[in-house]
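Asker: Below: one structure in structure tokens.
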Amino acid sequence: MLKFKRPDGSQPLTANQTTAPAKRDPARDFYDFDGLLTPAERALRDRARHFADTEITPIIADFWERDETPMQLLPKLAALNVAGGSIKGYGCPGLSVLETGLLSMELTRGDGSVSTLFGVHSGLAMYSIAFCGSEEQKQLWLPPMARMEKFGAFALTEPFIGSDASHVQTTARRDGDYYVLNGAKRWIGGATFADVVVVWAQDDQTGQVSGFLVEKGTPGFTATKIQHKLALRALPNADVTFTNCAVPMTNKLVNARSFRDTARVLQATRVGVAWGAIGHAQAAYEFALTYAKQRQQFGRVIAGFQLIQEKLAWMLAELETMKLLTWRLSMLAEAGTMTEGQASLAKMNNARKARGVVALAREIMGGNGILIDNHVARHFADMEAVYSYEGTNEINTLVVGREITGTQAFA
């Protein structure tokens, strides 16, 4: 009998054994994915799903259309006590990698802007401090960030560098007890209101990329909201500039010694991005399925037409393969054996497949699919951002190619 061995030592499940409820909806869980989850994992997933269904989805369309952030959701998110993901201690929940991924999937199922904003804070910013910070820095920042009393942002991408993230041009020059930062960053989520921004810059003392904690209100730091976005509109992305921005030496991340440390943070959060792509696809599929069962044309519901059923079957196939692939990736990450290429393959695969699923959902809903009130248009647009952030499709593809060939195809 096939058994799924779990790295955390919990009771393995046999292929015909399930902890899921007896009644299963094959339209939403065709291969009994719930049977791979422990009761605790399923409970967390259900709590996040309920939050998305009751708090996010009912209000998000208007915020998305107005290009505004529903800030009132942040205290409610804080009440879930999930900020900090898999970080242990410091008031963080110490979730498993899979639990963190399921959380990302369900929040994204509600809205990609909200999920991304939370992921930047809980993942990129908090993980940077947890992985690279001193004990004093962890004690200072992680507990209030876990309570979401302090909000964090992550500044790596630059206007003229983009995918070549290891060669950032922002500089950090040592001047007595301070580092003076000069340069620019772009697409920095939450930077317009964050209490602390993790900034990656070239350290003149080491010649390597180092991390710095730039606090809100620091002179020389400016964050300007990017206007006219057509995706993730409820997320405030910013252009950030540093003009002789002096940060104390105590704000340098002492264990961020090169871009390898930055990449470690990115690799850890890429698992969540892969799950997030599934959330977009799952939402679009569910909206399209419900619509197809209700919409009538030529005297009957369109769910009874062959062309609609073919689209739904392909959407479901993509969803189920994404879930199983990313479940396995989470197991590898939990065991500490996940490679950079494995993380990139999941992000590459899921972003591409989810992009196709939301497009088919739009097709099924016809003209109604472009109405924001029907939600699919929002997920359709947001997937265009997912396709490019946390490593573009091309870069993730080449990371996989490097791992399987041993040859790097980009400089």
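Asker: Modelled label-to-label distance, T243 and Q294, 7 Å Cα→beta-carbon offset: nm?
Answerer: Simple spin-label model gives 5.2 nm for this pair.
Asker: Further question: May I ask for the angle, rounded to the nearest 10°, between helix 306-335 and the longest principal axis of the chain, with both axes built from Cα atoms and the value confined to 0 to 90°?
Answerer: The angle comes out at about 40 degrees.
Asker: Distance in nm between label sites at R47 and Q139, each 7 Å beyond Cα in the beta-carbon direction?
Answerer: Simple spin-label model gives 2.8 nm for this pair.
Asker: I've got another one for you. Just report the Cα centroid separation between segment 205-264 and segment 36-52, whole Å.
Answerer: Centre-to-centre distance over Cα atoms comes out at 33 Å.
Asker: Continuing with this model, one more query. How long are the semi-axes of the equivalent ellipsoid of segment 201-308, defined as square roots of 5 times the Cα gyration tensor eigenvalues? Whole Å, largest first.
Answerer: Its equivalent ellipsoid spans semi-axes of 48, 19, 9 Å.
Asker: Can you give me the angle between helix 340-364 and the longest principal axis of the chain, using Cα atoms only, in degrees from 0 to 90, rounded to the nearest 10?
Answerer: 50
Asker: Stokes-Einstein diffusion coefficient for segment 116-205 at 10 °C in a medium of 1.306 mPa s, Rh from the Kirkwood formula over Cα pairs: what value in µm²/s? Don't jump to the answer; show the numbers that get you there.
Answerer: Numbers: Rh = 13.8 Å.
Calculated translational D: 115 µm²/s.
Asker: Sticking with this structure for a sec: At a temperature of 37 °C and a viscosity of 0.692 mPa s, determine how fast segment 152-256 diffuses translationally according to Stokes-Einstein, using the Kirkwood radius over alpha-carbon pairs as Rh; express D in µm²/s, rounded to the nearest whole number.
Answerer: Approximately 240 µm²/s, per Stokes-Einstein.
Asker: Still on this structure: Ratio of alpha-carbon Rg to the 2.2 N^0.38 Å globular estimate for the chain, to two decimals, please.
Answerer: 0.99
Asker: Tell me, what is the percent relative contact order of segment 260-405, built from C-alpha pairs under 8 Å that lie six or more residues apart?
Answerer: Value for segment 260-405: 34 percent.
Asker: Starting from the amide H of A256, placed 1.01 Å from N in the peptide plane, find each other amide H under 5 Å away whose residue is 5 or more places distant or on another chain.
Answerer: It is G211, by chain and number.
Asker: With the contact rule set at Cα under 8 Å and sequence spacing of 6 or more, what percent relative contact order holds for the chain? Intermediate values should be presented prior to the final figure.
Answerer: Working: 755 pairs, mean separation 65.0, N = 411.
Reported relative contact order: 16 percent.
Asker: If each DSSP helix of 4+ residues adds -39,500 (n - 2.57) and the sum is divided by the residues in the chain, what number results at 222 nm, nearest 500 deg cm²/dmol?
Answerer: Using -39500 (n - 2.57) per qualifying helix, the result is -15000 deg cm²/dmol.
Asker: T54 versus L307, label points 7 Å from Cα toward the beta carbon: distance in nm?
Answerer: 4.1
Asker: Also, I was wondering about something else. Stretch A335-R264 to full length: gain in nm at 0.36 nm per residue minus the Cα-Cα span?
Answerer: Answer, rounded to one decimal: 24.0 nm.
Asker: In Å, the Kirkwood hydrodynamic radius of segment 313-381 over pairs of distinct alpha carbons?
Answerer: 13.3
No lab work stands behind these numbers, since they all come straight from the coordinates. None of these values were measured; they are calculated from a predicted model. In this analysis, Cβ positions are derived from the backbone assuming ideal geometry, glycine residues included, and neighbour counts consider all displayed protein chains.
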